[in-house]
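First up is the structure itself, then whatever we jot down about it.
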Amino acid sequence: MDFELSTTSELIELEDRWNAHNYYPLDVVVERASGAWVYGTDGRRYLDCLSAYSALNQGHCHPRIVQALQDQAARVTLTSRAFRNDQLPRFAQELAQLCGMEMVLPMNTGAEAVETSIKAVRRWGYSSKGIPRDGAEIIVCENNFHGRTTTITGFSSEPYYRDGFGPFTPGFVMVPFGDAEALRRAITPNTCAFLFEPIQCEAGILIPADGYLKAVAAICREARVLMVADEIQTGLGRTGRFLACDHEGVKPDVLVLGKALSGGMYPVSAVVSSAEILGVFRPGSHGSTYGGNPLACAVARAALRVVVEERLAERSAELGAWLMEELAGIDHSHIREIRGRGLLVGIELSVPARAYCERLKDLGVLCKETHEFVIRLAPPLVISRDDLAWMVAQLRAAFAEY
């Protein structure tokens with residue numbers, strides 16, 4: 001059997017034959033990448049304006065993160081949590097201090113971290129708030145996206161995500177996103193937490209009105225409800241601040257991180273909180289063979305240093321403001337609204353966005369539609385102003401064709 005296929009069409013055919021069809025990718029096959037650019041098997045290069053859904057804030061194959069991966073891989077990669085390793089305590093301290101928190105629980109994927117936060121706030125509700133056993137409620141938002149596990153899928157408001165996967169886990173109450181008073185009305189004595197995204201990315205880059213997060217923080221504090229911020233996509237510089245919650249000076253009780261926590265190099269996620277909340281776990285009550293492994297921790301430490309030392313949040317704020325001004329100058333009947341914060345931008349259309357994403361691919365720009373009618377733009381935060389200007393020119397060309 002020939003496993004050395006080289007043409008783009010052969011590789012696409014092979015993937016479609018042997019891989020489950022749970023994605024609808026654009027037909028470009030990437031074979032290498034650097035910074036904001038990827039290179040296809042078709043011999044072309046493309047500007048990556050998706051960043052693996054914001055996992056690549058530091059860009060593809062950042063040399064400092066690659067070096068950390070190589071150095072650690074040559075020493076020790078996995079010990080399991082049955083033993084200690086020399087990278088985990090350093091990672092936990094550095095991440096906790098960056099977030100102004102006291103304790104870290106490392107996992108692998110974003111969905112695992114969300115599941116971990118759910119377990120933590122429920123147990124806190126029983127042990128600290130006195131909620132009757134198995135009665136804890138968590139309030140979530142309409143149009144949320146927190147992952148793909150059965151529990152998380154169960155509290156999605158998107159029917160397509162849920163279809164055929166029930167029965168689902170009870171204990172979740174849904175309110176409109178951006179409506180603080182709806183949150184207040186939904187709280188009961190059994191409410192232990194409010195789980196939310198500061199900006200709803202998968203829903204189409206939905207940004208709540210200024211003051212929403214502050215209002216939520218006050219409501220949660222008054223009702224003794226934990227504020228759980230899912231910053232998996234919005235954190236680590238993406239929106240122009242280290243965390244999206246920082247735009248309103250809000251500090252959540254529980255912070256969920258992933259994606260760019262490893263700079264796209266390795267699956268790393270974490271729940272960051274206080275000793276009171278994460279202290280509810282005892283040996284045997286939660287775990288992960290790979291969570292907190294030395295390779296993951298070494299990579300994440302390097303990824304965090306890149307975000308801080310290369311001032312990627314500040315870079316995102318500056319370039320994002322420039323990008324929004326440039327995009328505002330594109331006048332087209334298909335554009336309904338352009339919204340964004342930092343280098344996280346959604347262009348909402350009156351027609352399905354897929355055709356535009358496919359045309360942009362042909363022009364050398366890789367982006368992806370979300371919620372059918374929105375083009376998501378989220379390039380690596382290391383992108384240059386010149387490359388960003390070239391991307392805007394391709395957008396103008398694509399819109400000019402329709």
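A few notes on this one:
- Karplus-derived HN-Hα couplings along region 321-328 (A = 6.51, B = -1.76, C = 1.60, θ = phi - 60°), whole Hz, x at Gly and Pro: 5, 5, 4, 4, 5, 5, 5, 4
- Based on C-alpha pairs under 8 angstrom that are at least 6 apart in sequence, region 293-402 has a relative contact order of 22 percent.
- In a fully extended conformation the segment linking Gln70 and Arg90 would gain 5.4 nm over its present Cα-Cα distance, using 0.36 nm per residue.
- Dipole size of the chain about its Cα centre, with +1 on Lys/Arg Cβ and -1 on Asp/Glu Cβ: approximately 1440 debye, rounded to the nearest 20.
- Fewest-first sequence of Phe196, Phe83, Phe145 by Cβ atoms within 10 Å of each Cβ: Phe83, Phe145, Phe196
- Database remark: amide H of Lys368 closer than 5 angstrom to the amide H of Arg376 (H placed geometrically; neighbours at sequence offset of 5 or more, or on other chains; Pro and chain starts carry no H).
- Near Glu142, once Lys and Arg are set to +1 and Asp and Glu to -1 for all other residues with Cβ below 10 Å from its Cβ, the sum equals -2.
- Length-normalised contact order of the chain in % [C-alpha pairs under 8 Å, at least 6 apart]: 23
- Residues whose placed amide H lies under 5 Å from that of Arg238, excluding near-sequence neighbours: none
- Calculated FRET efficiency, Ser6 to Leu78, Cβ-Cβ distance, R0 = 30 Å: about 0.35 to the nearest 0.05.
- For region 103-119, backbone phi angles converted through the Karplus equation (6.51, -1.76, 1.60; θ = phi - 60°) give residue-by-residue couplings of 8, 10, 10, x, 9, 10, 9, x, 4, 4, 5, 5, 4, 4, 5, 4, 4 Hz, Gly and Pro being listed as x.
- Using alpha carbons only, the radius of gyration of region 300-402 set against its Kirkwood radius gives Rg/Rh = 1.00.
- Relative protection proxy for 58-71, 371-384, from highest mean packing down: 371-384, 58-71 (other beta-carbon atoms within 10 angstrom).
- Label-point gap, in nm, between Arg162 and Asp42 - each point 7 angstrom along Cα→Cβ: 3.9
- Distance between region 234-280 and region 326-340 - C-alpha centres, whole angstrom: 30
- Length added when fully stretched, Lys251-Lys214, from 0.36 nm per residue minus Cα-Cα: 12.4 nm
- For the pair Glu309 and Glu326, the difference between a 0.36 nm per residue extended length and the Cα-Cα distance amounts to 3.3 nm.
- DSSP bridge orientation in the chain - percent antiparallel, rounded to nearest 5: 65
- Close amide H partners of Cys141, meaning residues 5 or more places away or on another chain with modelled amide H under 5 Å apart, are Val175.
- Descending Cα extents along the principal axes, region 17-122, whole Å: 47, 35, 30
- If you wrap the Cα atoms of the chain in a convex hull and average its projected area over all directions, you get 20.7 nm².
- Exposure proxy ranking, count of Cβ atoms within 10 Å, fewest first, for Met391, Met101, Met174: Met174, Met101, Met391
- Packing-based order for 18-25, 327-334, 304-311, 119-126, using average beta carbon neighbours within 10 Å, highest first: 119-126, 304-311, 327-334, 18-25
- Computed from backbone phi, the HN-Hα couplings of region 201-214 come to 6, 5, 6, x, 6, 8, 10, x, 5, 4, x, 4, 5, 5 Hz, rounded to whole numbers (Karplus: 6.51 cos²θ - 1.76 cosθ + 1.60, θ = phi - 60°; Gly and Pro given as x).
Rule-based calculations on the coordinates, nothing more; no lab input. Treat the numbers as computed from the prediction; the structure is a model and nothing was measured. Ideal geometry is used to build each Cβ from the backbone, glycine not excepted, and the neighbour counts take in all protein chains shown.
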